[in-house]
Amino acid sequence: YTVPYEMASRVSIISGSLAMTLFPAFSSLGIEHKDSLQRIYVRSIKYLILFTGPILLILILFANDILRIWVGEDFARQGTLVFQFLIIGYLIAVVHPISGGLFQGLGRPDIVPKLYLAYFPFNIILIWVFVQNMGITGAALFFALRSLIETILYLIISAKFICLPFSSLEENGLWRSLGALLIFGMFLLGASIIDIFAARIGIMAIAAPLFIAFVWYYIL
């Protein structure tokens, strides 16, 4: 579990670094400048998704190959599914630092620890159930599930905090970004079925430039 976790967690450096640079902006704007605050928040999530999303999807596709080359065939056989669930969790949770930076910048650093305390008992019970029934794979699956729940809560609270209108998501291209990432992910999912490593590389080599071109011309 530790080796895949250490690999997957490195991706959070990107979102954490972005949140650190956004904190002064959130803090200086404050709740009084809602329009600017909404625009920066949504666009930050959009750019983060566009940059880190494809990287994480490619890691999911080549999870077995990466582990096999790095730590051997036996380890890859046991750890691939764990690695993939962890990456999915980090893909879902990529916006956490942005929302966390927003809470802190607006003077509410108490929100995150209060949320942790609220679902701490459920966290303990569910992780025990998942690990008892599925072992380390269950732990990784629970991490992805918890990331999904946390992300939904963070987004809802953030939207209420800055009175984020639904129309702002479309105006700033967030829906198009998610759509492009979903299509790219479907290409890679189709490639993952193929057993031939060279074929998967070929499909990725075709899908990646198409994704970049679409993002450049229709989103950015």
### Task
Report yes if some residue within region 108-117 is of a type in the set (D, E, K, R) and in contact with a Lys or Arg (Cβ under 9 Å, 6 or more places away or on another chain); otherwise report no.
no
### Task
Look through PHE161, PHE166 and report the one residue that is under 30 Å from ILE31 (Cβ atoms) and surrounded by fewer than 12 Cβ atoms within 10 Å (Cβ to Cβ).
PHE166
### Neighbours by Cβ (under 6 Å, 6+ apart or cross-chain): first from region 53-78, free of Cβ contacts under 8 Å to residues at least 24 places away in the same chain; second of a type in the set (S, T, N, Q)
ASN64/THR80; ALA76/ASN64
### Query
Do you know which residues across region 62-77 are assigned to a helix (DSSP H, G or I) and open to solvent by less than 20 Å² (accessible area, probe 1.4 Å)?
ALA63, ASP65, LEU67, ALA76
### Query
Considering only region 56-107, how many residues are closer than 24 Å to GLY173 by Cβ, aliphatic (A, V, I, L, M), out of contact with any Gly (no Cβ under 9 Å at 6 or more places or on another chain) and at pLDDT 85 or above?
7
### Message
Quick check on region 30-80: of everything there that is touching a Lys or Arg at 6+ places or on another chain (Cβ under 9 Å) and of a type in the set (S, T, N, Q), which residue is farthest from ALA207 (Cα to Cα)?
### Response
THR80
### Message
So, in region 98-114, exactly how many residues are assigned to a helix (DSSP H, G or I) and open to solvent by less than 40 Å² (accessible area, probe 1.4 Å)?
### Response
9
### Task
Name the residue, out of ILE136, ILE124, that is over 18 Å from GLY79 (Cα atoms), in a helix (DSSP H, G or I) and not charged (D, E, K, R).
ILE124
### Single condition ILE125 does not satisfy, out of (1) at pLDDT 90 or above; (2) within 30 Å of TYR41 (Cβ to Cβ)
(2)
### Summary
Selection over region 115-148 where residues are touching a residue at least 12 places away in the same chain (Cβ under 8 Å) and loosely packed, with under 15 Cβ neighbours inside 10 Å yields a count of 3
### Where a residue in region 150-177 is farther than 30 Å from ALA213 by Cα and its partner, wherever it lies, is surrounded by fewer than 18 Cβ atoms within 10 Å (Cβ to Cβ) and of a type outside the set (Gly, Ala, Ser), with Cβ under 6 Å and at least six apart
ILE162/LYS34; CYS163/LYS34
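Scan region 178-198 residue by residue and report those that are open to solvent by less than 90 Å² (accessible area, probe 1.4 Å), within 18 Å of LEU48 (Cα to Cα) and without any contact (Cβ under 8 Å) to a residue 40 or more places away in the chain.
GLY179
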### Summary
Filter region 9-55 for residues that are open to solvent by less than 50 Å² (accessible area, probe 1.4 Å) and in a loop (DSSP other than H, G, I, E, B); the one that is farthest from LEU169 (Cα to Cα) is VAL11
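The values are calculated or read from the model by the stated rules, or taken from the named source; none is laboratory data. Keep in mind that this is a model prediction, so the values were computed, not measured. Cβ sites come from the backbone with ideal geometry, for glycine too, and all protein chains shown count toward neighbours. Remember, those area values only see protein heavy atoms, side chains included, never the ligands or the DNA or RNA. Shrake-Rupley method; radii C 1.70, N 1.55, O 1.52, S 1.80 Å.
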